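J.: Let me give you the structure first, and then I'll get to my questions.
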Amino acid sequence: MEESEVEIVRDAGAVGRVFEQMLERRKTLSIVQHGHRSDAWVVKVSSARLILAKRDKGSKFTTEEVEFQFRDVLGRNIVGKSRIFRLKDDYLELALPAEISIIQRRHAYRVVPTAESMAIFLTASKWLLAGRIDDLSSNGVLVRLPQATPVVVPSDIKAVSLQLNHAVPADEYGAPARVESQLVRLETATIARKADNGTTKFASYGIHFIPPSAGERQLAQMILMFERAARQKGLSA
């Protein structure tokens with residue numbers, strides 16, 4: 001069974017950014033009312049409202065509550081509810097949802113790097129940050145940062161680089177211990193959650209992403225190395 005995480009986002013700016021990204025990428029979303037599902041595109045986002053273009057002009061709606069269901073540009077499952085203000089044949093005008101739920105399904109379990117690995121990224125506030133990676137999956141990392149570091153959650157980030165280090169022990173043939181490194185660059189990611197209650201010196205932040213094909217191959221290779229190292233350590237313990 002797949003593991004999943006559900007995060008409730010109530011910040012209007014963060015909710016709006018999800019729909020702005022759908023507008024920029026021209027990705028469709030589904031709206032459901034009375035059991036009827038219809039696809040639409042976001043054509044305008046404001047601080048309080050959304051305008052959607054209906055794919056099926058014949059689909060009928062009322063001003064009662066509707067539900068959003070879609071995958072955002074980061075591949076996360078998004079659900080939310082809103083109310084329609086204005087109905088037209090081609091368009092729907094709705095209130096920006098007061099909150100959305102982000103359902104992040106983990107198709108791959110998380111592994112722990114065998115040597116100190118780092119994530120370096122630029123935040124929405126233009127802070128260039130670097131933190132130690134606590135664990136890694138094919139679509140996310142948990143990064144440790146000092147509590148005093150200014151981090152906004154949730155927040156889209158750019159220019160993400162993962163410095164993944166794998167500690168290779170000395171072997172019986174005389175090869176010395178060494179550290180193998182790979183740099184994985186990601187163009188789009190989101191700081192999705194703070195996995196810390198604020199009582200420790202460092203806080204852990206969950207960063208979700210969808211790697212490009214080349215990055216996906218790099219991540220798969222490193223995850224395999226970390227998994228193999230953990231299995232060997234478990235066998236030798």
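The values are calculated or read from the model by the stated rules, or taken from the named source; none is laboratory data. Computed from a predicted structure; not experimentally measured. Counting neighbours? That spans all protein chains shown, and the Cβs are built from the backbone with ideal geometry, glycine included. We work out accessible area using only protein heavy atoms, side chains counted, and drop any ligands, DNA or RNA first. Shrake-Rupley method; radii C 1.70, N 1.55, O 1.52, S 1.80 Å.
J.: Using a 1.4 Å probe, what is the accessible area per residue for the chain, in Å²?
T.: It amounts to 55 Å² per residue over the chain.
J.: Go through VAL111, SER204, THR190 and say which Cα lies farthest out towards the positive end of the charge dipole of the chain; charges sit on Cβ, +1 for Lys and Arg, -1 for Asp and Glu.
T.: Working it through, the farthest residue towards the positive pole turns out to be THR190.
J.: Could you tell me how many cubic angstrom of Cα convex hull volume the range 149-217 has per residue?
T.: Given the Cα convex hull of the range 149-217, per-residue volume reads 139 Å³.
J.: Using the C-alpha atoms of the range 1-90, what convex hull volume per residue, in cubic angstrom, is computed?
T.: Per residue, the Cα convex hull of the range 1-90 comes to 111 Å³.
J.: Which value, in Å² and to the nearest 10, is the accessible area of PHE61 when all protein chains are kept and the probe is 1.4 Å?
T.: It works out to around 20 Å².
J.: Once neighbouring chains are kept in place and the probe is 1.4 Å, which whole percent of the accessible area of the chain is contributed by carbon and sulfur?
T.: Exposed carbon and sulfur together represent 51 percent of the surface.
J.: Please give the solvent-accessible surface of VAL112 in Å², to the nearest 10, using a probe radius of 1.4 Å with every protein chain present.
T.: So the heavy atoms of VAL112 present about 90 Å² to solvent.
J.: Any idea what the relative contact order of the range 126-237 is, in percent, if you count C-alpha pairs under 8 Å spaced at least 6 apart?
T.: Result for the range 126-237 is 28 percent.
J.: When the label point is put 7 Å from the Cα of THR200 along its Cα-to-beta-carbon vector, which residues of the range 131-153 have a backbone N closer than 13 Å?
T.: Correct set: 132-135, 142-147.
J.: How much accessible area does TYR91 have with a 1.4 Å probe, in Å² rounded to the nearest 10?
T.: Ignoring ligands and nucleic acids, TYR91 comes out at about 100 Å².
J.: Still on this model: Give, as ranges by residue number, the residues of the range 121-142 whose backbone N falls under 11 Å from the point 7 Å along Cα→Cβ of ASN165.
T.: Label zone hits: 132-133.
J.: I'd like to compare 73-79, 20-26: which one has the highest average count of other Cβ atoms within 10 Å, and what's the full order after that?
T.: Ranking the peptides 73-79, 20-26 by packing returns 73-79, 20-26.
J.: Rank SER125, SER47, SER137 by accessible area, highest first, at a 1.4 Å probe radius?
T.: Greatest to least solvent exposure: SER47, SER125, SER137.
J.: How high is the relative contact order of the chain? Use alpha-carbon pairs under 8 Å, at least six apart in sequence, and give a whole percent.
T.: Here the relative contact order equals 15 percent.
J.: By a straight-distance test (C-alpha under 29 Å), which lysines pair with LYS60 as possible cross-link partners, with residues fewer than eight away in the same chain excluded?
T.: Excluding near neighbours in sequence, the set is LYS27, LYS44, LYS81, LYS88.
J.: Would you calculate, for the chain, the mean residue ellipticity at 222 nm contributed by helices, counting each DSSP H stretch of 4 or more residues as -39,500 (n - 2.57) and dividing by all residues, to the nearest 500?
T.: Result for the chain, helices only: -5500 deg cm²/dmol.
J.: Using the charge dipole of the chain (Lys, Arg: +1 at Cβ; Asp, Glu: -1 at Cβ; taken about the Cα centre), state which of ILE100, GLN221, ILE133 has its Cα farthest towards the positive end.
T.: ILE100
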